Ligand SMILES: Cc1cc2nc3c(=O)[nH]c(=O)nc-3n(C[C@H](O)[C@H](O)[C@H](O)COP(=O)(O)OP(=O)(O)OC[C@H]3O[C@@H](n4cnc5c(N)ncnc54)[C@H](O)[C@@H]3O)c2cc1C
């Protein structure tokens, strides 16, 4: 996905779109355009730009280019991600450490970011931009549960986090009886002699990013200043003179070129594709490695009475951080599901329904050494993927994995587990090393910015786009709407001022009905 602030340039090179350019060059001269595409990240971005710019820029035209025939068809789609509102309540991979010392820095940062997300979503609900917020965000308890060797680590994590106002409602227990009240589906048939520990935070969330994205897209489609072009693929972004040229092709093979002053390219997977084609020297430092993911899923009516829970454990030693097993309730279109996973799949495709060729086209000769270096440094990850690929072929093997986590659940009649393929994660390799964090890559002139793989992403999309707006269009932060959308935009204040944090949290939680 990407954004541009475009000043319309009538001197496009593409002959095939000449009539269109002629028409737009007269009607849109001097107007500012923003182009984006339609997962949760970029619908968030263009709703934000649209709301902020009204009172600051004279006029704005937003053009949306999307290769698929509608919004939210890729990673933001219904079962393509896990819908956790990542608030650091339960994700043990956000708090590295051992029984002596646990680093909660990342957890604090993500929690503050998620608070910014909730501010944005409550604004959307109050302004009726999103009409069904109660179907989108559900209050769900977040649990971390571990066995044996990890019990002391969990205890230390609890002791460290509990002291901060972000996590002061967290409860810790090593008592099977107590934990069984929290997560009976997991502890049933758990041996008395099998040590267990868990923490619970009552105020976590499940977020339907799919519906959220669709509702934001619908709102924008109905705005007079927004043009949406589905079935339109962005083929290349490259520098032409002082500007950036964006080449597109639609499903009828009609080509069209746009010109941009600034580009933010941040497709979940498309960013690396476009970066490699952009010709900027920094692109050479990056290669990518797509990983497929899947879940076991079952529809489970009335389960919310006993498992209104997202329960996360710890990734097995040597497994990558995103592989932490979790058993989640999910609310989708009035139905209730339980998902267990994720299971990694060795699947070299950039998008779920893409092809291997699509990935191959992102590779350059100089990437070979990076990929080789990365694979020798990450033998365990390669082994893990190979192992997981094999498992994904047999449902029985997957059920055995589930039973290690929740001994009783796999075999219980009435739970009809199906394997479903989720979205692809495109893992970024920077200078031959796997990079699991967010990476913003800028061209030398600072006008092409590419946001590469980040974790988490959907949960913190309002904060990521807010920060990009702050850097690129600081004038928009002076708009009266900015304070309305983000009553407390400063993450340091949320982090250091408990009173302000509670004040904001209570207000937004009330608006969100959680
Ligand atoms: C298994 C899994 C579990 C996850 N769990 C969570 C979770 O629990 N919580 C969380 O916060 N996040 C989670 N994520 C991450 C989250 O799903 C994604 O970060 C988020 O949905 C990505 O949104 P997006 O808008 O960046 O991309 P997408 O939703 O993938 O949208 C990208 C859009 O860009 C379009 N596009 C791409 N390239 C082009 C091009 N060249 N031209 C035109 N259109 C193009 C695509 O068609 C697509 O519509 C998970 C991801 C996976 C894979």
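Each reported figure results from applying straightforward, stated rules to the coordinates on display, with no laboratory input. Keep in mind that what you see is a predicted model, and the values were worked out from it rather than measured. Glycine also receives a Cβ, built like all others from the backbone with ideal geometry; neighbour counts cover every protein chain displayed.
Please grab the % of Cα pairs in the range 110-174 that end up more than 13 Å from each other.
Summing the P(r) tail past 13 Å for the range 110-174 gives 73 percent.
Over the Cα atoms of the range 71-198, what Rg and Dmax result, in angstrom?
Computed over the Cα atoms of the range 71-198, radius of gyration and Dmax are 17.2, 54 Å.
Taking Cα centroids, how far is the range 207-279 from the range 485-510 in Å?
Answer, in whole Å: 33.
Just to confirm my numbers, what's the Cα centroid distance between the range 124-139 and the range 141-201 in Å?
The two parts, judged by their Cα centres, are 31 Å apart.
If r is the Cβ-Cβ distance from residue 301 to residue 444 and R0 is 45 Å, what FRET efficiency results, to the nearest 0.05?
My answer for the efficiency is 0.20.
Percent relative contact order of the range 180-280, based on C-alpha pairs within less than 8 angstrom and at least six residues apart?
The value is 16 percent.
Full-extension gain between residue 57 and residue 149, please, as 0.36 nm times their residue separation minus the C-alpha to C-alpha distance.
That pair, residue 57 and residue 149, stretches by 27.4 nm at full extension.
What value does the range 95-138 have for Rg/Rh, both radii from Cα atoms and Rh as Kirkwood defines it?
So for the range 95-138, dividing Rg by the Kirkwood Rh gives 1.26.
Sticking to Cα atoms, compute the Rg of the range 181-220 to one decimal and its Dmax as the biggest Cα-Cα distance, whole number, in Å.
In Å, with Rg to one decimal and Dmax whole: 18.4, 57.
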